[in-house]
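**Q** Shown below is the structure under consideration.
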Amino acid sequence: MNLSELTKLYDFSGRTIVITGGAGILGGEMACALVGCRANVVILDRNPERAAAFQPKLECEPGCARVYFADVLDADSLMAACERTLGEFGRIDGLINAAGGNAPSATTAPERAFFDIPRQAMQQVIDLNLMGTILPCQVFGKVMAQQSEGVILNISSMNAFRPLTRVAAYSAAKAAVSNFTAWLAVHMAQNYSPHIRVNALAPGFFQTQQNHFLLYDEHTGELTPRGQAIIDHTPMGRFGRPEDLLGAMLWLLSPASDFVTGVVVPVDGGFSAYSGV
Ligand SMILES: NC(=O)c1ccc[n+]([C@@H]2O[C@H](COP(=O)([O-])OP(=O)(O)OC[C@H]3O[C@@H](n4cnc5c(N)ncnc54)[C@H](O)[C@@H]3O)[C@@H](O)[C@H]2O)c1
């Protein structure tokens, strides 16, 4: 393959990629990159107005972007978004499941023992991360099965390899996302088409709204002991930036990874490789 053929692998012209949680920090960064690679990108979010923050960036790029409401825990809203996407673009080539996250109410703290965390708080985090990945895979994966082609990219976490302290429900849910990624990869390839691939990214620690309270002291703005411990355990010595995910994301969505399915790729500055000694 020469340079021009290699570059073409990342030309997403005519390909439609749906991103759940696409109005969020990481999903939004991926949306902008994909529109820059000429894709048709459909951002689905429970709070679509959040996409206004990067709308001007989307408009400067050569691809095409749409922002629709959908709740990943509501199959009807996902099916409506799927119909709308097919009506507009005719096919669905990729799905990125970026809706997810932890909740302070499901996190242990000096004032919140594990034993006292309400079931509802735990359930909410498990539902958002696990069912919020499975339901879009059912709705959009069915279209891929009909097309005999498509790529799914789930978002796991460092917590899936070894759980971090304090976030029991989030860790369990992300471990299940990694497990489900492998399961669905095998299921799709064996039952529908070897041209349907399912992989996941496991981001390390990125400074975002959701984890700010765990990484920084809200009064002093200094790193918390937990934030410092993460930096100390990251050989590259820094938190991730959203753009750090883009290379692995584009690779896993593109034909460059045609023989890769069922894997979880860490993008973590070496966190998961480091034993601590
Ligand atoms: N930020 C990190 O360091 C980090 C690390 C590892 C994994 N992750 C994972 O990456 C993904 C994206 O995280 P982020 O930091 O961009 O979070 P974010 O909060 O910025 O984005 C999440 C988006 O999902 C949307 N959303 C929430 N519930 C929804 C629902 N029910 N239906 C539809 N949309 C919904 C939110 O409105 C938001 O726009 C999550 O799965 C998160 O767990 C993040």
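**Q** Identify all aspartates and glutamates with a Cα-Cα distance to residue 57 below 19 Å; exclude those on the same chain that are fewer than 8 residues away in sequence.
**A** Straight-line reach from residue 57, under 19 Å: 11, 29, 45, 49, 243, 244.
**Q** Under 25 °C and 0.890 mPa s, how fast does the chain diffuse according to Stokes-Einstein, given a Kirkwood radius computed over C-alpha pairs? Answer in µm²/s, whole number.
**A** Estimated diffusion coefficient is 128 µm²/s.
**Q** With every atom except the alpha carbons ignored, what do you get for Rg and Dmax of the stretch 151-277, in angstroms?
**A** Computed over the Cα atoms of the stretch 151-277, radius of gyration and Dmax are 16.1, 55 Å.
**Q** How high is the FRET efficiency between residue 91 and residue 208 when r is their beta carbon distance and R₀ equals 25 Å, given to the nearest 0.05?
**A** The value I calculate is 0.20.
**Q** Rounded to the nearest 5, what % of DSSP beta bridges with both residues in the stretch 27-151 are antiparallel?
**A** If I count the DSSP bridges inside the stretch 27-151, around 10 percent turn out antiparallel.
**Q** Which of the aspartates and glutamates could a cross-linker span from residue 174 if the Cα-Cα distance has to be under 14 Å and same-chain partners fewer than 8 positions apart are dropped?
**A** 127
**Q** Ok, one more. List every DSSP H helix in the chain whose Cα atoms extend 15 Å or more along the helix's own long axis and whose mean Kyte-Doolittle hydropathy is at least 1.6.
**A** Once both thresholds are applied, what remains is 25-36.
**Q** Using 7 Å Cα-to-Cβ label points, what is the residue 148/residue 186 separation (nm, one decimal)?
**A** 2.5
**Q** Let me ask you something else. Quote the charge dipole size of the chain about the Cα centre in Debye, to the nearest 20; the model charges only the Cβ of Lys and Arg (+1) and of Asp and Glu (-1).
**A** Dipole about the Cα centre, nearest 20: 360 debye.
**Q** Could you work out how far apart the two model spin labels at residue 60 and residue 80 are, taking each label as a point 7 Å from the Cα in the direction of the beta carbon, and quote it in nm?
**A** Roughly 3.4 nm, to one decimal.
**Q** Calculated from DSSP H runs of 4 or more alone, at -39500 (n - 2.57) each and per residue, what is the 222 nm mean residue ellipticity of the chain, nearest 500?
**A** -11500 deg cm²/dmol
**Q** Sticking with this one: Any chance you could run the full-extension gain for residue 258 through residue 224? It's 0.36 nm times the residue separation minus the Cα-Cα distance, nm to one decimal.
**A** Length difference between fully extended and current span is 8.1 nm.
**Q** For the stretch 72-218, taking Cα atoms only, what is the radius of gyration to one decimal and the Dmax to the nearest whole Å?
**A** 16.9, 52
**Q** Give the calculated FRET efficiency between residue 7 and residue 243 to the nearest 0.05, with a Förster radius of 30 Å applied to their Cβ-Cβ distance.
**A** Computed FRET efficiency for residue 7 and residue 243: 0.95.
**Q** Assigning unit charges at the beta carbon (Lys, Arg +1; Asp, Glu -1) and nothing else, what dipole magnitude in debye, to the nearest 20, does the stretch 1-110 show about its Cα centre?
**A** With only Lys, Arg, Asp and Glu charged at Cβ, the dipole is about 160 debye.
**Q** Where the Cα atoms of the stretch 128-199 are projected onto their three principal axes, how long is each span, largest first, in whole Å?
**A** 42, 19, 14
Only the coordinates and a few stated rules stand behind these numbers; no lab work does. None of the values given here were measured: they were computed from a predicted structure. For neighbour counting, all protein chains shown are included, and Cβ atoms are generated from backbone atoms with ideal geometry for every residue, glycine included.
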